[in-house]
Amino acid sequence: MSRRHDGQRALVVGFQDQLAAGAADLLPSGVPSGTVVELESMDDAMAILDAHPDIRLLIACLQSTQLRDLYHVQVLREQYDHVTVVVLFDVSSDVDTAQRTVLGLLSEFVQEQAGDAAGEALQQSAASRGWPTIEPEPPEAHGYRLTPRQLDVLFLVREGKSNKEIARRLDLSEGTVKIHCMSIFRVLGVANRTQAAILAEKFALEPPETVPTVPKYVDLRRHVG
């Protein structure tokens, strides 16, 4: 890994070649090489974290039986609180879903580093290499049905809050917030948080403290102001 890098880095750690291989090759022009780094094991990840404080995202594709790797994940969360850790277990049972998850996380990460256009370019690069595309669901099919927690996150996205700020406000991990954002983007049929925030301006959303916890899903068409 090169030690010269002006931005932040993401690590992809996995044992399934069909998932992890090629993630670093998806980077579009304008995004520094080394922004996404692929490693074979959690041992490799732990070995470079201290030397590279610019690492902000770690996506680990693990087997649930790998106790040593689970221990490493726990250490990461306790000692490297500046790193967002997302763990995917047994991804070989559903590689397409796992790839979409990794692609969504990397796309958002790249957008934060280089803008919305870079995230969209990364998705196009992934599609050209055979990765499954992240297809938004058409709004007519679901009526903007979001869970109450997703409404909380959408309200704060509309307010311009970062994932870290949302995580602190809602007492969630930053990785959980990223997953919520990906789900929200799909439901709203948008590609990024800027588009989600613009669309959310049409909704009469309530602050997180007062968003109802029931029913399980809320139809946003009833919230249109």
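The values are calculated or read from the model by the stated rules, or taken from the named source; none is laboratory data. Since the structure is predicted, the reported quantities are computational estimates derived from the model, not experimental observations. Cβ placement follows ideal geometry from the backbone for every residue including glycine, while neighbour counts extend to all protein chains displayed.
Of the listed requirements (1) modelled with pLDDT under 80; (2) within 22 Å of Ala114 (Cα to Cα), Phe185 misses just one: (1). Take the conditions without any contact (Cβ under 8 Å) to a residue 60 or more places away in the chain, surrounded by fewer than 17 Cβ atoms within 10 Å (Cβ to Cβ) and β-branched (Val, Ile, Thr) and apply them to Ile55. Does it pass? No: the conditions fail for Ile55. Would you mind stating whether Arg100 is exposed (fewer than 13 other Cβ atoms within 10 Å of the Cβ), charged (D, E, K, R) and touching a residue at least 24 places away in the same chain (Cβ under 8 Å)? Answer is no for this residue. The set of residues in the range 177-209 being in a helix (DSSP H, G or I) and in contact with a strand residue (DSSP E or B) (Cβ under 9 Å, 6 or more places away or on another chain) consists of Val177, Lys178, Ile179, Ser183, Ile184, Val187, Leu188.
Would the range 116-129 turn up any residue that is surrounded by 14 or more Cβ atoms within 10 Å (Cβ to Cβ), more than 19 Å from Arg186 (Cα to Cα), among the hydrophobic types (A, V, I, L, M, F, W, C) and not assigned by TED's automatic domain parsing to the domain that holds Ser173? No, the range 116-129 has no match at all. Tell me yes or no: at least one residue of the range 158-172 is touching a helix residue (DSSP H, G or I) at 6+ places or on another chain (Cβ under 8 Å), of a type in the set (Val, Ile, Thr) and at pLDDT below 80. No - not one qualifying residue is present in the range 158-172.
Within the range 179-198, residues that are not assigned by TED's automatic domain parsing to the domain that holds Leu146 reach no partner that is assigned to a helix (DSSP H, G or I) and among the hydroxyl-bearing types (Ser, Thr, Tyr) with beta carbons closer than 8 Å at six or more positions or on different chains.
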